[in-house]
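Undergrad: Quick one: the structure is below, questions incoming.
Values quoted throughout were computed directly from the atomic coordinates according to the rules given, and no laboratory measurement underlies them. The shown structure was predicted, so the numbers you read here are calculated from the model rather than taken from an experiment. Every residue, glycine among them, receives a Cβ derived from its backbone with ideal geometry; neighbour counts consider all protein chains shown.
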Amino acid sequence: MFSEFSKSMKTVIDCLGDGSSNLPLFNGSVISFTWFRNCTSTALVVSGNSAIMPGSPSSSSSAINAIFMVTLSNCLFTGNIGQLGGAIRVESGALVTILDSIFIGNSAINGGAIYVSSGGSLVSVSDIVFEGNGNGASSSFGGAIYVSTGGCMAQASGSSFSRSNGGGIGLAKVELCTLMLLPAASF
């Protein structure tokens, strides 16, 4: 499955073991058929306050004072490392939807693949494969996904979670979600 899926990627963002992707994002961005690999400071950070990626110079002119929506579709995340989310960190004010994607071998203390900060929302996770994410014995919670206090994960469907250190999904005191569905998910 991995081999065939990786061949369908139209863009490869390889951090070569240094930093993050620094991919510029805009409200309403749709990222598809992109492979993020070997990033050492969370591959992709989606923030509701700015489109600035970690490691890039800050600028007040890029501040966004509204909800920031991003959709990821048919993406591949492999071998990425971070403190909070190895592959993706969803920060306050961000609404992220992830469809038909694969996360393999990403690691972080919390949320080996995905970390949702307070005020951040993982709107939907649909038809995702999570395999071998986490951080070995030092993973605290959420080998695949961790939702922090005040964060939101509204729906996960048709996804599979296997061989993740720290469990599949770790939830702190989730206050912002009124609905959490896990139909057709397998652990």
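Undergrad: Please give the length that would be gained between SER92 and ARG163 if that part of the chain were fully extended, namely 0.36 nm times their separation in residues minus their C-alpha to C-alpha distance (nm, one decimal). List each step's numbers first, then the result.
TA: Working: separation 71, 0.36 × 71 = 25.56 nm, distance 2.89 nm.
My answer for the length gained is 22.7 nm.
Undergrad: Neighbouring Cβ atoms within 10 Å as the yardstick, rank MET9, MET69, MET153 fewest first.
TA: Ranking MET9, MET69, MET153 by Cβ neighbours within 10 Å, fewest first, gives MET9, MET69, MET153.
Undergrad: For PHE26, PHE77, PHE68, what's the fewest-to-most ordering of other Cβ within 10 Å of each Cβ? Present the calculation step by step, with values, prior to reporting the outcome.
TA: Details: PHE26 11, PHE77 28, PHE68 25.
Fewest to most other Cβ atoms nearby, the residues stand as PHE26, PHE68, PHE77.
Undergrad: Then there is this: Extending each Cα 7 Å along its Cβ direction at SER8 and GLN83, get the distance between those two points in nm, one decimal.
TA: For SER8 paired with GLN83, the spin-label model returns 3.6 nm.
Undergrad: Express in % the proportion of alpha carbon pairs of region 71-134 at distances exceeding 13 Å.
TA: Working: 1147 of 2016 pairs.
The proportion of pairs with Cα distances above 13 Å equals 57 percent.
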